[in-house]
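This report concerns only the one structure given below.
The values are calculated or read from the model by the stated rules, or taken from the named source; none is laboratory data. Given the structure is predicted, the values throughout are model-derived calculations rather than measurements. Glycine gets a Cβ as well: all are built from the backbone with ideal geometry, and neighbour counts include every protein chain shown. Remember, those area values only see protein heavy atoms, side chains included, never the ligands or the DNA or RNA. Shrake-Rupley method; radii C 1.70, N 1.55, O 1.52, S 1.80 Å.
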Amino acid sequence: MGARVRLTAAERGEEVLRAAVQAFGASGYAGTKTDEIARLAGVSQPYVIRLFGSKQQLFLAALGSVCDRIEQTFRDAADEEPTLASLGSRYEVFLSERELLLVLLHGFSAGGEPAIGDLVRERFGGMYRLVRDLTGASPLEAREFLATGMLLTVMSAMQVLGPSAVPVPWAEEISATLGTPPD
C-alpha cells in the first residue's frame with residue numbers, strides 16, 4: 001500500500017477547477033451543483049465554496065480556464081505557423097476535450113447573468129483579437145474563422161462531430177466541406 005500524496009492548496013484548487021469544467025460542461029451553469037463538483041474533485045462542498053466563494057465565481061473561473069486553454073492552443077499553433085489554417089488544424093484538440101466547447105457554449109447561454117455576460121463577451125472579443133494578431137487576418141477572415149469554429153462547436157455539442165460522433169449524412173456533408181473528419 002503506497003503512501004498517500006498530499007496535494008498543495010494550489011493543486012487541490014486545480015483539481016476542483018478541472019472537476020468544475022467537467023461538471024459545467026455536462027450540466028451547464030444552472031444545472032450544476034457545487035456538491036457535485038466537490039464529489040468529482042474528492043473534496044467537501046464547503047471547501048469548494050471556501051476556494052471560490054460561490055458557484056458563480058467557480059463558473060467564471062472554469063470559463064476563464066477554458067478560454068485560457070483555447071487561446072494557448074491558438075498561440076501554440078501560431079508558433080509553428082501563424083496562419084488561420086494552422087490555428088484551425090488545432091480544433092481536433094477541442095473535439096477531443098469536448099467539455100471545453102460545452103463550457104464555452106454554456107457561458108454564451110448564461111450571458112444574461114451580468115458577471116457571466118461581461119466575462120464571456122470580454123473573452124470572446126479577446127479570442128477574436130488574438131486570431132487577428134497571431135495571423136494578420138482581416139476582420140472578415142477572422143469572422144469566417146470564428147464562425148466556422150462556432151459551427152464545429154455546435155456540431156460537437158450535438159455529438160455529430162468528434163470522437164463519439166453519431167453518423168448523420170448532413171453532418172458528414174458539412175464536415176467534408178471543412179476538411180474535418182466526422183470522427
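As I understand it, the dipole of region 36-183 uses +1 on the Cβ of Lys and Arg and -1 on the Cβ of Asp and Glu, about the Cα centre. Which of Ile49, Thr73, Ser164 lies farthest toward its positive end? About the Cα centre, the residue reaching furthest to the positive side is Ile49. Across region 43-54, computed HN-Hα scalar couplings (Karplus, 6.51 cos²θ - 1.76 cosθ + 1.60, θ = phi - 60°) run 10, 7, 5, x, 5, 4, 5, 4, 6, 10, x, 7 Hz from first to last residue, x flagging Gly and Pro.
Across the chain, the longest piece that holds none of the trypsin sites (Lys or Arg not before Pro) lying in DSSP loops with up to 11 other C-beta atoms within 10 Å covers 7-183.
From the helices alone, meaning DSSP H stretches of at least four residues, give me the mean residue ellipticity at 222 nm for the chain, per-run term -39500 (n - 2.57), in deg cm²/dmol to the nearest 500. Spell out each step's value before the answer.
On the way: 10 runs with 140 residues, N = 183.
Calculated from helices alone, the mean residue ellipticity at 222 nm is -24500 deg cm²/dmol.
Quick check: from the Cα gyration tensor, does region 110-164 come out rounded (a/c under 1.5), prolate or oblate? The shape class here is oblate.
Using the crude model of +1 on Lys and Arg Cβ and -1 on Asp and Glu Cβ, and no other charge, please compute the dipole size for the chain relative to its Cα centre, in debye to 20. Before the final figure, lay out each step's value.
Working: 17 positive and 23 negative charges, 164 e Å.
Its charge dipole is roughly 780 debye.
I need the shape label for region 1-123. Rule: rounded when a/c is under 1.5, else prolate if a/b > b/c, else oblate, with a, b, c from the alpha carbon gyration tensor.
Working: a/c = 2.24, a/b = 1.35, b/c = 1.66.
Note, shape of region 1-123 comes out oblate.
When a/c reaches 1.5 or more, the comparison of a/b and b/c decides; with that in mind, is region 77-154 rounded, prolate or oblate per its Cα gyration tensor? Oblate shape, in that a/c is at least 1.5 and b/c is the bigger or equal ratio. A Gaussian network model of the chain, with springs between Cα atoms under 10 Å, assigns the largest mean-square fluctuation among Gly162, Gly117, Gly28 to Gly117. The simple spin-label model puts a point 7 Å past each Cα toward its Cβ; for Asp118 and Glu172 those points are separated by 4.8 nm.
Kindly sort Ile174, Ile116 by accessible area of their heavy atoms, largest first, with the probe set to 1.4 Å.
Ile174, Ile116
Taking 8 Å as the Cα distance limit and 6 or more residues as the minimum spacing, I'd like the relative contact order of the chain as a percentage.
Working: 175 pairs, mean separation 33.6, N = 183.
Contact order relative to length: 18 percent.
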